[in-house]
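The values are calculated or read from the model by the stated rules, or taken from the named source; none is laboratory data. Values in this document were obtained by computation on a predicted structure and should not be read as measured data. Cβ sites come from the backbone with ideal geometry, for glycine too, and all protein chains shown count toward neighbours.
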Ligand code: FES
């Protein structure tokens with residue numbers, strides 16, 4: 001019925017986010033009698049996820065309960081998928097222009113009885129003579145249209161030439177503008193940047209939640225969906241192609257052009273998204289030895305992929321580094337260019353799957369760590385994606401332990417009563433502030449002896465109230481509980497441990513610069529990230545949030561073909577470290593779960609008030 005329901009585990013019955021309530025009785029307006037007996041009996045997964053009180057109140061998991069008759073279903077606000085705020089705005093980046101596709105205007109001499117050279121040969125000769133383009137090929141469907149098109153404007157045409165090798169489009173008369181689309185396929189969000197290929201300007205952007213979210217929230221769930229369903233890969237491939245066609249249409253409409261005016265496209269995405277986009281089986285990415293179908297970059301005709309841009313256009317997919325370090329990471333590399341720097345740089349892409357790059361011009365290593373979905377607000381009792389109503393910033397007064405918060409979609413702090421839950425940046429803030437205010441200790445345990453009305457015992461252990469029921473739209477207190485803190489510790493511990501092992505590999509003691517990439521990274525408070533120990537110590541001035549660097553990489557590759565070559569070289573040069581194979585990983589990880597760390601020192605946090613951080 002078009003009601004979107006949260007489904008973080010992809011319908012496996014393990015996340016508990018899809019709770020709905022059955023309303024029993026006769027409903028005159030629908031003419032039906034709704035009864036619990038019209039559903040399959042409550043199963044084990046539901047018993048685990050629903051408290052006895054919820055079971056008594058008629059709650060069920062939407063993904064588990066089967067409908068055998070009429071029922072009226074109430075979808076609580078926290079279960080309905082909010083329209084996620086897709087934070088992938090394009091940032092200003094200087095790019096030297098050298099696009100793959102250029103448009104050329106050509107005037108030809110029409111044939112006579114004494115000059116019956118073929119139309120294509122005539123165009124080829126003219127392109128060779130006036131523009132010095134030789135050995136050109138022509139896309140077969142373009143050849144099909146050639147005869148009619150060149151006659152429409154009296155032998156004057158504009159041809160789009162790809163890589164000085166192939167004519168991919170032909171239009172009657174003079175057409176000045178050429179457009180390309182840079183695409184970033186994230187596990188959760190998809191963003192497209194429509195660019196003018198002559199000026200490099202971003203003329204329109206569009207974004208959406210990745211439609212594959214319906215098949216599972218993270219890459220592992222999607223890989224298993226492709227394995228367990230016969231048409232799993234096809235469904236997910238169709239979903240992303242349809243989504244991209246929609247986004248291309250939206251961006252084109254904003255720029256007042258036609259979708260078919262887009263003559264080039266570049267794509268980045270993690271290895272799983274890359275495979276599903278190319279309709280390549282992702283199952284081998286998920287099992288040892290984790291090999292991918294292709295590492296190298298590849299150019300595929302848009303029409304072969306089902307993309308409805310100019311049909312002869314090529315889609316350039318950037319190379320992948322390893323099974324869990326994908327083309328998105330290569331995009332980050334060519335955008336940030338650590339290989340041109342002397343500083344020891346750590347780039348972290350914070351997401352469901354954390355990706356890390358460490359090094360400088362001498363050597364670069366990369367790794368990835370499964371951080372779990374806590375940073376996206378999943379696995380957190382009141383966790384939400386960054387949708388309107390999600391608490392995104394939190395401050396706790398260390399003396400009064402009073403809380404101020406800011407909600408996505410609201411201008412000011414603590415205004416209105418629209419809070420529905422807490423998103424990833426809010427959770428990081430909450431935990432950092434709880435720690436800084438002495439409400440939790442270094443190990444993450446609540447200091448239960450504090451006299452504070454917000455701190456209370458619940459059936460899940462101690463919990464701290466961030467928003468009182470009256471400040472929310474769900475009529476419940478929004479709390480951070482002990483399990484939430486544990487889940488965040490697992491995620492941040494994995495990031496930190498990854499960085500630490502990589503530093504050991506390079507024999508590095510300290511970091512000169514930290515770059516937080518990824519749309520989510522831009523919204524994390526730098527100080528909160530440092531306080532919880534998301535990464536090793538570094539001066540705050542040298543911690544940068546660069547936004548969607550993967551998307552920036554896709555734009556750079558769209559506008560400069562030399563960068564496509566550089567991307568391939570770098571993907572081959574970066575050494576991949578498999579963290580799971582590190583014998584010390586377990587120990588490093590458990591130490592990194594402490595706030596900010598069990599043993600490491602943080603001289604750059606010394607400026608914070610004494611109570612704030614135990615050093
Ligand atoms: S329990 Fe996760 S979608 Fe139903």
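Do we find that residue 472 is without any contact (Cβ under 8 Å) to a residue 60 or more places away in the chain and either surrounded by fewer than 14 Cβ atoms within 10 Å (Cβ to Cβ) or within 26 Å of the chain's Cα centre (by Cα) (or both) in this structure?
Answer is no for this residue.
One line per residue, one yes/no per condition, for (1) away from the ligand (no atom under 16 Å from the Cβ); (2) in contact (Cβ under 8 Å) with a residue 60 or more places away in the chain; (3) within 21 Å of residue 313 (Cβ to Cβ); (4) within 30 Å of the chain's Cα centre (by Cα):
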{"residue": "102", "(1), (2), (3), (4)": "yes, yes, yes, no"}
{"residue": "105", "(1), (2), (3), (4)": "yes, yes, yes, no"}
{"residue": "112", "(1), (2), (3), (4)": "yes, no, no, no"}
{"residue": "119", "(1), (2), (3), (4)": "yes, no, no, no"}
{"residue": "134", "(1), (2), (3), (4)": "yes, no, no, no"}
{"residue": "140", "(1), (2), (3), (4)": "yes, no, yes, no"}
{"residue": "143", "(1), (2), (3), (4)": "yes, no, yes, no"}
{"residue": "147", "(1), (2), (3), (4)": "yes, no, no, no"}
>> Let me spell it out: the conditions are (1) surrounded by fewer than 20 Cβ atoms within 10 Å (Cβ to Cβ); (2) over 30 Å from residue 179 (Cβ atoms); (3) in contact with a strand residue (DSSP E or B) (Cβ under 6 Å, 6 or more places away or on another chain), and residue 498 meets all of them except one. Which number is the exception?
In response: (1)
> Assuming residue 16 fulfils every condition listed in (1) more than 30 Å from residue 226 (Cα to Cα); (2) buried (at least 17 other Cβ atoms within 10 Å of the Cβ); (3) in contact with a helix residue (DSSP H, G or I) (Cβ under 6 Å, 6 or more places away or on another chain); (4) modelled with pLDDT under 90 apart from one, which condition is it?
Replying inline: (1)
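Has segment 578-594 got at least one residue that is in a loop (DSSP other than H, G, I, E, B), on the phi < 0 side of the Ramachandran plot, touching a residue at least 24 places away in the same chain (Cβ under 8 Å) and in contact with a helix residue (DSSP H, G or I) (Cβ under 6 Å, 6 or more places away or on another chain)?
First, the residues of segment 578-594 that are in a loop (DSSP other than H, G, I, E, B): 578, 582-584, 593-594.
Retained after the next criterion (residues that are on the phi < 0 side of the Ramachandran plot): 578, 582-584, 593-594.
Still in the list and also touching a residue at least 24 places away in the same chain (Cβ under 8 Å): 578, 582, 584, 593-594.
In the following step, the residues that additionally are in contact with a helix residue (DSSP H, G or I) (Cβ under 6 Å, 6 or more places away or on another chain) were identified as 582, 593.
Within segment 578-594, one or more residues are in a loop (DSSP other than H, G, I, E, B), on the phi < 0 side of the Ramachandran plot, touching a residue at least 24 places away in the same chain (Cβ under 8 Å) and in contact with a helix residue (DSSP H, G or I) (Cβ under 6 Å, 6 or more places away or on another chain).
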> How about segment 211-220: which of its residues are out of contact with any helix residue (DSSP H, G or I) (no Cβ under 7 Å at 6 or more places or on another chain) and either part of a strand (DSSP E or B) or crowded, with 22+ Cβ neighbours inside 10 Å (or both)?
Replying inline: 213
> Which one of these is more than 13 Å from the ligand (Cβ to nearest atom), more than 28 Å from residue 229 (Cα to Cα) and within 33 Å of the chain's Cα centre (by Cα): 74, 26?
Replying inline: 74
> For segment 353-442, which fully contained strands (runs of 3 or more DSSP E) count at least 3 residues that are free of Cβ contacts under 8 Å to residues at least 24 places away in the same chain, over 30 Å from residue 575 (Cβ atoms) and in contact with a strand residue (DSSP E or B) (Cβ under 7 Å, 6 or more places away or on another chain)?
Replying inline: 403-407
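Tell me, which strands (runs of 3 or more DSSP E) wholly within segment 32-124 include 1 or more residues that are at pLDDT 90 or above and loosely packed, with under 13 Cβ neighbours inside 10 Å? Steps first, answer last, please.
Working: elements: 32-34, 59-61, 72-74, 101-107.
Filter on segment 32-124 gives 101-107.
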> Can you name the residue in segment 1-23 that is free of Cβ contacts under 8 Å to residues at least 60 places away in the same chain and not in a loop (DSSP other than H, G, I, E, B) and is also farthest from the ligand (Cβ to nearest atom) among such residues?
Replying inline: 23
> Counting only residues that are over 10 Å from residue 193 (Cβ atoms) and either without any contact (Cβ under 8 Å) to a residue 40 or more places away in the chain or outside any strand (DSSP E or B) (or both), how many does segment 537-558 have?
Replying inline: 14
> Just checking, how many residues over segment 168-209 are outside any loop (DSSP other than H, G, I, E, B), in contact (Cβ under 8 Å) with a residue 60 or more places away in the chain and more than 17 Å from the chain's Cα centre (by Cα)?
Replying inline: 8
>> Return the residues of segment 29-47 that are without any contact (Cβ under 8 Å) to a residue 24 or more places away in the chain and within 16 Å of the ligand (Cβ to nearest atom); say none if nothing qualifies.
In response: 42, 44, 47
>> Could you go through segment 492-500 and let me know if any residue there is out of contact with any helix residue (DSSP H, G or I) (no Cβ under 8 Å at 6 or more places or on another chain), modelled with pLDDT of 90 or more and not in a helix (DSSP H, G or I).
In response: no
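For a quick check of your reading: which helices (runs of 4 or more DSSP H) sit entirely within segment 265-342 and have at least 3 residues that are closer than 21 Å to residue 238 by Cα? Steps first, please.
Values: elements: 271-277, 302-305, 327-336.
Fully inside segment 265-342 and qualifying: 271-277, 302-305.
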> Checking residue 503 against (1) over 27 Å from residue 582 (Cα atoms); (2) at pLDDT 95 or above, which test does it fail?
Replying inline: (1)
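Table: residues versus (1) at pLDDT below 95; (2) closer than 30 Å to residue 462 by Cα; (3) surrounded by fewer than 23 Cβ atoms within 10 Å (Cβ to Cβ).
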position: 510; (1), (2), (3): yes, no, yes
position: 517; (1), (2), (3): yes, no, no
position: 521; (1), (2), (3): yes, yes, no
position: 525; (1), (2), (3): yes, yes, yes
position: 544; (1), (2), (3): yes, no, yes
position: 548; (1), (2), (3): yes, no, no
position: 559; (1), (2), (3): no, no, no
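Kindly indicate whether residue 180 is touching a helix residue (DSSP H, G or I) at 6+ places or on another chain (Cβ under 9 Å), under 24 Å from residue 255 (Cβ atoms) and surrounded by fewer than 16 Cβ atoms within 10 Å (Cβ to Cβ).
Numbers: touching a helix residue (DSSP H, G or I) at 6+ places or on another chain (Cβ under 9 Å): yes; under 24 Å from residue 255 (Cβ atoms): yes; surrounded by fewer than 16 Cβ atoms within 10 Å (Cβ to Cβ): no.
No: the conditions fail for residue 180.
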